[in-house]
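The values are calculated or read from the model by the stated rules, or taken from the named source; none is laboratory data. Keep in mind that this is a model prediction, so the values were computed, not measured. Heads up, the Cβs are rebuilt from the backbone with ideal geometry, glycines too, and the neighbour counts pull from every protein chain shown. When the accessible area is computed, the model is the full protein with side chains, heavy atoms only, and any ligands, DNA or RNA have been set aside. Shrake-Rupley method; radii C 1.70, N 1.55, O 1.52, S 1.80 Å.
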Amino acid sequence: MKRRTYLPFYVPDIGEEEVEAVREVLLSGWITTGPVTESFERKITELVGAKFALAVNSCTAGLHLALLALGVGPGDEVIIPSFTFAATANVVLHVGAKPVFADIKEDSLTLDPKDVERKITKRTKVIIPVHFAGFPADMDDLLGIKVKKGIFIVEDAAHALGSVYEGIPIGSIGDITVFSFHAVKNLTTAEGGMITTDNPVLNERMRVLSLHGLTRDAWLRYRANGASSYQVIRAGYKYNMPDVLAAIGLAQLRKFKANQRKRKILARRYLEGLKGIPGLKLPPVPRDPLMVHAWHLFVIRITEGTEISRDEFVSQLSEFRIGTSIHFQPLHLEPLYRKTLGTKEDSLPVTEKVGKEVVSLPFYPRLSEEDQDYVMESIKKILIGVKV
Ligand SMILES: *Cc1c(COP(=O)(O)O)cnc(C)c1O
């Protein structure tokens with residue numbers, strides 16, 4: 001039986017806790033960046049084990065600030081995967097530097113350190129690994145390259161709040177790490193991001209740039225005897241996170257552990273239930289017990305062993321009223337980068353192959369086991385003709 005209502009690809013876990021937290025801030029008399037944002041920042045430093053955290057209004061803004069703080073600009077190159085969201089590449093263009101795309105590894109779908117080494121030139125200033133779907137990238141290998149060549153590592157951790165690499169939480173490994181709290185990420189503030197670092201100089205630079213280039217947080221000026229003045233020292237940006245959104249973040253943090261546990265259980269159910277289907281490739285599971293997968297996404301691959309293409313599979317799932325998403329279309333084949341960077345087909349073989357195979361299934365703490373079973377039965381019906 002096909003369901004009549006549509007099963008969405010994603011539903012955020014927003015409940016009365018978030019509504020109450022927002023209500024409190026809205027009626028408090030202070031709704032933009034202030035004490036609630038500060039407290040959210042502190043909680044994130046505790047969660048990821050970083051010295052500093054700076055809340056911003058998106059991960060994209062955070063990545064932009066990271067590159068600015070590291071002094072990346074015209075003439076510099078930044079190595080990134082092509083298998084990522086547009087933001088990872090766009091911020092490199094924003095600072096006037098050149099994105100250089102490296103391939104990913106077939107197993108983890110994260111940056112291939114060997115290809116990164118091949119792409120390094122004298123102009124390489126930063127490497128931006130993406131912890132795809134929450135699976136940690138090969139940080140040891142990338143840090144090894146960094147040590148040899150004096151290159152900075154900025155982690156695009158949009159999928160990786162809660163990920164742990166060899167016992168160390170993502171957020172305290174690279175020079176700078178940036179998380180996303182966009183509506184579909186595993187912790188949300190509707191829109192938002194968080195930058196973490198252990199480096200006080202970088203932290204201070206990013207903080208100044210995040211709020212108009214002023215030397216002091218605006219909210220200090222409004223405190224009881226806050227007659228203190230400020231100086232404008234940079235042409236900064238308007239990237240701060242308001243207290244209203246930080247309140248959502250704090251409420252989300254209180255149930256983060258429980259939600260991550262639910263994700264793990266749902267991932268196990270998918271891994272078990274979709275085992276052994278010809279041509280369906282399941283996502284990698286870390287073998288190292290010191291590695292934690294944040295399971296932000298559950299991405300399967302429709303490979304050559306099947307009779308139908310990925311696109312056909314997606315449209316058939318949609319006939320079963322099941323929402324899906326594609327993470328990601330290879331960036332180097334998008335018109336913008338072809339035009340500005342001259343990138344072409346047949347340059348990143350794994351990315352190009354995988355880009356045609358990936359499908360992200362409905363996957364979120366509020367997904368019921370019944371709905372998940374329906375997804376799995378529908379997939380079997382499509383791929384091996386099993387009656388539902
Ligand atoms: C979502 C996402 C971003 C952008 O996050 P925003 O908070 O929407 O700016 C960047 N990189 C990756 C890999 C993402 O998935």
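Below, the figures for the structure above:
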item: Surface accessible to a 1.4 Å probe, per residue, for the residues of the range 298-385, Å²; result: 46 Å²
item: Peptides 86-94, 21-29 ordered by average Cβ neighbours within 10 Å, highest first; result: 86-94, 21-29
item: For the range 116-147 versus the range 15-39, the gap between their alpha-carbon centres in whole angstrom; result: 38 Å
item: Average Cα contact separation per residue, the range 291-388, under 8 Å, 6 or more apart, as relative contact order %; result: 37 percent
item: The chain, accessible surface, carbon-and-sulfur percent (1.4 angstrom probe); result: 54 percent
item: Probe 1.4 Å, accessible area per residue of the range 62-212, Å²; result: 30 Å²
item: Chain lengthening between Lys51 and Lys339 when straightened (0.36 nm per residue, less Cα-Cα); result: 99.6 nm
item: For the chain, fraction of C-alpha pairs farther apart than 35 Å, in %; result: 28 percent
item: Translational D in µm²/s for the range 252-329 (Stokes-Einstein at 37 °C, 0.692 mPa s, Kirkwood Rh from C-alpha pairs); result: 227 µm²/s
item: Semi-axis lengths, Å, the range 282-388, gyration tensor of Cα atoms, sqrt of 5 times eigenvalues; result: 28, 19, 14
item: Straight-distance crosslink candidates among lysines, where the alpha carbon sits under 21 Å from Lys185 and sequence neighbours closer than 8 are dropped; result: Lys43, Lys255, Lys257, Lys262, Lys264
item: Sum of side-chain charges, Ile170 neighbourhood, beta-carbon under 12 Å (Lys, Arg +1; Asp, Glu -1); result: -3
item: The range 64-215: mean projected area of Cα convex hull, nm²; result: 8.8 nm²
item: Separation in nanometres of the label points that stand 7 Å from Cα toward Cβ, at Gln316 and Arg4; result: 2.6 nm
